[in-house]
Amino acid sequence: MQGNKTRRIIIRGLWGLAALTALFYLFCLPRDLFKGEGWSAVVIDRNGELLGARIAEDGQWRFPPGDSLPEKYVKALIEFEDRWFRWHPGINPVSIARSAAANIRSGHVVSGGSTISMQVIRMSRDRERTMWQKMVEAVLATRLELRYSKDEILGLYASHAPFGGNVVGIEAASWRYFGRPAGEMSWAEAATLAILPNSPSSIRPGKNREKLLAKRNRLLFRLFKNGEMSRGDYGLACAEPLPPEPSPLPSYASHLVDRLALTEDRSRPIRTTIDINLQRRVEDIVSRHSDLLATEGINDMAAVVADVNTGDVLAYCGNSSPYRKRPGSDVDAARSPRSSGSILKPILYCAALENGTLLPGSLVADTPVNINGFAPQNYDLTYDGAVPASEAVSRSLNVPSVHILRKYGIESFLSTLRECGMTTFTRSAEDYGLSLILGGGECRLDEVVSAYASMSRSYAQGKTDFPLSDKVALWHTFNAMSEVNRPDEIDWHVIRSAGRTAWKTGTSYGYRDGWACGVTPAIAAGVWAGNASGVAAPGLIGARTAGPVLFDILNLFPEKSWFSEPADNEGVLAPVCHLSGCIAGPYCEERDTLLIPQAGLRAETCPYHFRIDGENIFRLPPAMEWYYRQKHPEYGRKDRTETMPSGISPMEFIYPEGGSVITLPRQLDGSPGEMVFNLAHHDNDATVYWHLDNEYIGETRFIHQYRMRPSPGHHSVTVVDNTGNTISVGFTIR
């Protein structure tokens, strides 16, 4: 009786032990074999070509695994490491026995007998190589075989095997040693990589090359004898030289690669929309131009190229000439906010056309202006009096652009910029003021190029989700931009093969940023030149520095198409005054018919034609007239009368503007200087009498300028001409 009880206890104990053993075996293999091992960031172009890579956090070049292993490598690996891999359950008793016998005969370990599965376990555990650990690896290898398929085990091995130095995994090894992906390896290269993990610290391309070559060729012979390759392939493979030591990885779009390496999932290759062939050519162009400009103290340059149809970025050069080490070379200038200069003027022009603020030919004032201390000037320091709005864009005139922004509204323009995808305009309209259109705000090159591309795409595809979607407004905008003088001095009107491009330049205040952006129906591109540090340079002008680079890039694209003209039903045909460009009024005799946006019907009716003494007369306000007639000798020839329309003063202050706050300049001795009042009068022979705060101070004739030194505080100046006309202006001296 007692014996039966003891027997039952022993049997139960054995069953319990068996159950515990089974449980241990079932759960002995960690769920994540290589936990804690990170991947290198591998960034590829749209077709899978390697743009660049960044090392894993543990300092290893360990590329994420591909979808499958190259067949040549699999055959070479199995032949070299584990011929019976496809049939054994994780351990090979025959190999273990043979290795044990060889070790006994040699008196030391010369062969391990490890299967590929056992090697995967050893790499995942990274323990000291002892007999006990060998036994543990054997047990875990059998468990590995139950969890994974044979191909998956091969994938684990190939992704984590050491290949010398800090090179881990077949993909990293193939790029470091051969400069191409593993899928393109030759037989000789596949055999080399099959051998390297066997003793990566002692045999590799940079060490014991003769021994490595002999082992590789022996493996190639075995593959040939097994019928895996032809005699010709075998001969070519044996003749192929070994690679040199690991070479640098490809490095294109390096700033983009840096950013993606920090933000994207590294467990798989990071695919971009970059076209590596275009990227190489753009980087060459940018670096060549930048190296020349560096002799002038302009060290940095960025460029972005986008596909209009998709919005995809095809080329991205965050900064030029990485080989030319200097402060700021690591700055991604394509994403850095920089003063916009004039690069946003086409967006304002298009928005103003679209909402009916003006028409393409609407005359805009181009006279000196001072708005609460803000006194914009044109680049050449001259004034035209009045210019068509389209010409203000093509000539990049600052003063007319300020008048357009003033009329359109700063808040409205800020809203438009934000809706166009520009993220850098975060301040209030009051904070930016009218200088917003002249570089008072900062923008990013990549976002400007994206906005230009969206304008072109909106035109072609009729998109209504983009803020600038009116086809007629866009058409007039592209036409105005195409009239900007090209840096190569090619006139597309004459040389049609040169192609027509809508483009714009920009130069920030103080010569710190040079811009050039252009767009066609297919491509949008932009270039920024300057110093990442913000240091100015005298020659840093957009048309001179960035313009030539832009056209070198655009010339990479053979297609020279232009935007198709919008149909009449996509806008409205309206009568437009030939002289003022505004909606024709009752006294406008010369009229043109122009296709304008539907909202253009709300634009201003011509304010410059009047009926005087039975004649229709074209008259500009005195300040505009004073400058306009200097460049338009035909102005007023038909009507020599000096009579002005009823209710309109023949005089106008050019400077200062009413309500201005003025700081008097200091003289060399520190005392306050004088300010010069400037007045335009329609009658060239008029005499004007000047009064400061109702006190007579003098008179002028022909040229109506008067110098005075008002004391700090609020003042008013009143002028009276010889026929009794009078006007006043108020201002404040700080």
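Checking residue 513 against (1) of a type in the set (Asp, Glu); (2) buried (at least 22 other Cβ atoms within 10 Å of the Cβ); (3) modelled with pLDDT under 95, only one condition comes out false. Which one?
With (1) of a type in the set (Asp, Glu); (2) buried (at least 22 other Cβ atoms within 10 Å of the Cβ); (3) modelled with pLDDT under 95 applied to residue 513, the lone miss is (3).
Only residues that are closer than 23 Å to residue 482 by Cβ, part of a loop (DSSP other than H, G, I, E, B) and not basic (Lys, Arg): list them for region 557-579, please.
557, 558, 559, 561, 562, 563, 564, 565, 566, 567, 571, 578
If you scan region 175-217, which residues turn out to be among the charged types (D, E, K, R) and in contact with a helix residue (DSSP H, G or I) (Cβ under 9 Å, 6 or more places away or on another chain)?
Of all residues in region 175-217, those among the charged types (D, E, K, R) come to 176, 180, 184, 189, 204, 207, 209-211, 215-216.
Within region 175-217, 180, 184, 189, 204, 215, 216 meet the criteria.
Only one of these is out of contact with any Phe, Trp or Tyr (no Cβ under 6 Å at 6 or more places or on another chain) and surrounded by 15 or more Cβ atoms within 10 Å (Cβ to Cβ): 594, 601, 573. Name it.
Working: 601 fails: surrounded by 15 or more Cβ atoms within 10 Å (Cβ to Cβ); 573 fails: surrounded by 15 or more Cβ atoms within 10 Å (Cβ to Cβ).
When all the criteria are applied, what remains is 594.
Considering each of 189, 171, 145 in turn, give the residue that is in contact with a Pro (Cβ under 8 Å, 6 or more places away or on another chain), farther than 28 Å from residue 59 by Cβ and not β-branched (Val, Ile, Thr).
145
Please enumerate the residues belonging to region 134-159 that are open to solvent by 30 Å² or more (accessible area, probe 1.4 Å) and either without any contact (Cβ under 8 Å) to a residue 24 or more places away in the chain or among the hydrophobic types (A, V, I, L, M, F, W, C) (or both).
Residues satisfying the conditions are 134, 135, 136, 139, 146, 148, 149, 152, 156.
Could you grab me the full set of residues in region 655-691 that are among the charged types (D, E, K, R) and closer than 23 Å to residue 635 by Cα? Before the answer, list the steps.
At the first step, the residues of region 655-691 found to be among the charged types (D, E, K, R) are 657, 666, 669, 674, 683, 685.
Hits for region 655-691 are 683, 685.
Can you pull out the helices (runs of 4 or more DSSP H) entirely within region 378-479 that have at least 1 residues that are aliphatic (A, V, I, L, M) and surrounded by 22 or more Cβ atoms within 10 Å (Cβ to Cβ)?
389-394, 398-408, 410-419, 445-461
State which residue pairs qualify: first residue among the hydroxyl-bearing types (Ser, Thr, Tyr) and inside region 653-671, second residue surrounded by fewer than 12 Cβ atoms within 10 Å (Cβ to Cβ) in any location, beta carbons under 6 Å apart, and separation of 6 or more residues or different chains.
Within 6 Å, the pairs are 663/734.
Looking only at region 195-227, filter to residues that are open to solvent by 70 Å² or more (accessible area, probe 1.4 Å) and not basic (Lys, Arg); which one of those is nearest to residue 75 (Cα to Cα)?
The qualifying residue nearest to residue 75 (Cα to Cα) is 226.
Got a number for residues in region 171-184 being open to solvent by 10 Å² or more (accessible area, probe 1.4 Å) and of a type outside the set (Lys, Arg)?
Matching residues across region 171-184 total 8.
With the structure loaded, tell me whether residue 363 is within 30 Å of residue 583 (Cβ to Cβ) and open to solvent by 10 Å² or more (accessible area, probe 1.4 Å) or whether it fails that test.
Answer is yes for this residue.
Can you tell me which residues in region 36-78 are open to solvent by less than 40 Å² (accessible area, probe 1.4 Å) and hydroxyl-bearing (Ser, Thr, Tyr)?
Once the filter is applied, which keeps residues that are open to solvent by less than 40 Å² (accessible area, probe 1.4 Å) and hydroxyl-bearing (Ser, Thr, Tyr), region 36-78 yields 40, 73.
Just a yes or no: is a residue in region 535-545 open to solvent by 40 Å² or more (accessible area, probe 1.4 Å) and among the polar types (S, T, N, Q)?
no
The values are calculated or read from the model by the stated rules, or taken from the named source; none is laboratory data. Given the structure is predicted, the values throughout are model-derived calculations rather than measurements. We place every Cβ from the backbone using ideal geometry, glycine too, and count neighbours over all the protein chains shown. Note: accessible area is taken over every heavy atom of the protein model, side chains too, but ligands, DNA and RNA are not part of it. Shrake-Rupley method; radii C 1.70, N 1.55, O 1.52, S 1.80 Å.
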